[in-house]
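In what follows, a structure is listed as structure tokens, so that the remarks can point back to it.
The values are calculated or read from the model by the stated rules, or taken from the named source; none is laboratory data. None of the values given here were measured: they were computed from a predicted structure. Glycine also receives a Cβ, built like all others from the backbone with ideal geometry; neighbour counts cover every protein chain displayed. Surface areas here come from the heavy atoms of the whole protein model, side chains and all, with no ligands, DNA or RNA. Shrake-Rupley method; radii C 1.70, N 1.55, O 1.52, S 1.80 Å.
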Amino acid sequence: CLSLSPRCLPPSPPPALHTCQGLAPCLPEEGQVNTSGPRLLLATLHPASSSSIDMDRIFSALLLSLLLLLQSYGACGAPPQPRGTLCRTKPTDLVFIIDSSRSVRPQEFEKVKVFVSRVIEGLDVGPNSTRVGVINYASSVKNEFSLKTHQTKAGLLQAVRRIEPLSTGTMTGLAIQFAISRAFSDSEGARVRSPNFNKVAIVVTDGRPQDGVQEVSARARAAGIELFAIGVGRVDMQTLRQMASQPLDDHVDYVESYSLIEKLTHKFQEAFCGKSQNQTALFQPGCFYDLLRSKWMSSFALFSSFASACSGGLGSALDLVFLIDGSKSVRPENFELVKKFINQIVDSLEVSEKQAQVGLVQYSSSVRQEFPLGQFKNKKDIKAAVKKMSYMEKGTMTGQALKYLVDSSFSIINGARPGVPKVGIVFTDGRSQDYITDAAKKAKDLGFKMFAVGVGNAVEDELREIASEPVAEHYFYTADFRTISRIGKKLQMKICVGE
């Protein structure tokens, strides 16, 4: 709706807003009433009476919408708050245990420091919130700084930059024991074990330890320390599993090289700020920070965009084709997660001959059409076919797959309907072994709406090349296959099929 008649207004006005804890935006506490701003102004213009409650509510919503619509760009054009100010999780004592043995080259160690810094940047740092310490180890252990040393984010980041590698052996067990007896001690700034505090250690290593880790890790976990294990390169995976807390799927991560470790930043930022970051939008007075679109919007613009996400809503016609990477790097257990991701999107569609149609193509060293558009007329049959899909397990010819999408998937002979919007979702976990530029450009030139989803070792430049404009709204990345369901939720909204 473009007018501001009462029938076009959102179901209810947005909640009252106030500012708490400095500049961090927040909602009113439970039971708190806002007695200022638009509602107080309305009381002057339109006194309420028992016979005009409904009309008062209509005019209240109308006036509030008008005020929000008249917000200047300056109010909503500012960049979002630093990610740490949005965290509302309980306080955490966090200790990084980083391997700087001789197998870790100096330039690789710099990448570990970048990873540590990026995680810190996403935290709410302070003596009463999250405290951070760093242990550096090789044949010996060096306490770079304790939980009590730096109480500001700036101080922590400067201290991380000054860390130098030790370049000797790999005594991982010794480092974990140091964490138990020293780093998480009261004298070093750790808080008393309590349900109100998290105690977390993140171990980063690239090799096989020269001492035992199983028993000492068990003692750490028994002491209430949650252990995450990150392995790089030729690390011993069994060692990672011996160190990590349960469930192992959530606490063990692997990357092929140090150049990829920064991609795990997203996982740990989400782990520490999960509750806040999973919200669709965050408030600031008169504005929302929309996490789906990664930008500030006026409250009225946001309500309007949700109310009319696409013409026709859930029932509009759509030809949607998934282009799925089945290369050997995906691995069978992750391929099953990809299937669930596909069916998550399918669940939100209205599938019929006149509404949404779905096609599925898998690629590796070759391209295989699993089923064309229109073959299945309902969600149940589509989901059953997705579950039956077998894993190809070869190379990564993304360019060849994109060419197939352009030449065949959206052709009339394969079930595409003239005049119906065409959407392609390309899913990949690594660098393409062939050239993608021409096919990616042709898909967009033909008017296809292209989304690119990358996991693990996916290359950001390739994702951006595949994605439609605006690129930032059409490509997604996560370091971990286990978190792709979150991308599924965002895609549902962006392709106009979500709730």
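Overall, the ratio between the Cα radius of gyration of the stretch 92-272 and 2.2 N^0.38 Å, rounded to two decimals, is 0.92. Among beta bridges from DSSP that stay inside the stretch 92-272, the antiparallel ones total about 15%. Solvent exposure of the stretch 92-272, expressed per residue, is 42 Å² of accessible area, with all protein chains present and a 1.4 angstrom probe. For a label point 7 Å from the Cα of Ser181 along Cα→C-beta, name the residues of the stretch 134-151 whose backbone N is under 13 Å from it. Of the residues in the stretch 134-151, 141 have backbone N under 13 Å from the label point off Ser181.
Under the convention that each Lys and Arg Cβ holds +1 and each Asp and Glu Cβ holds -1, the size of the dipole of the stretch 318-496 around its Cα centre is about 560 debye.
Charge dipole of the stretch 324-422 (Cα centre as origin; +1 on each Lys and Arg Cβ, -1 on each Asp and Glu Cβ, all else neutral): 100 debye, rounded to the nearest 20.
On average, how much area does the Cα convex hull of the stretch 318-496 cover when viewed from any direction, in nm²? Please list the in-between numbers first.
On the way: hull surface 34.3 nm².
For the Cα atoms of the stretch 318-496, the hull's average projected area reads 8.6 nm².
Taking only the C-alpha atoms of the stretch 108-195, the Rg (one decimal) and the largest Cα-Cα distance, Dmax (whole number), read 13.2, 38 Å.
Candidates Ala440, Ala458, Val420 compared by Cα position along the dipole of the stretch 318-496: farthest toward the positive end lies Val420, with charges placed on Cβ. Heavy atoms of the protein chains alone define the surface here; on that basis the stretch 324-394 has 46 Å² accessible area per residue at 1.4 Å probe size.
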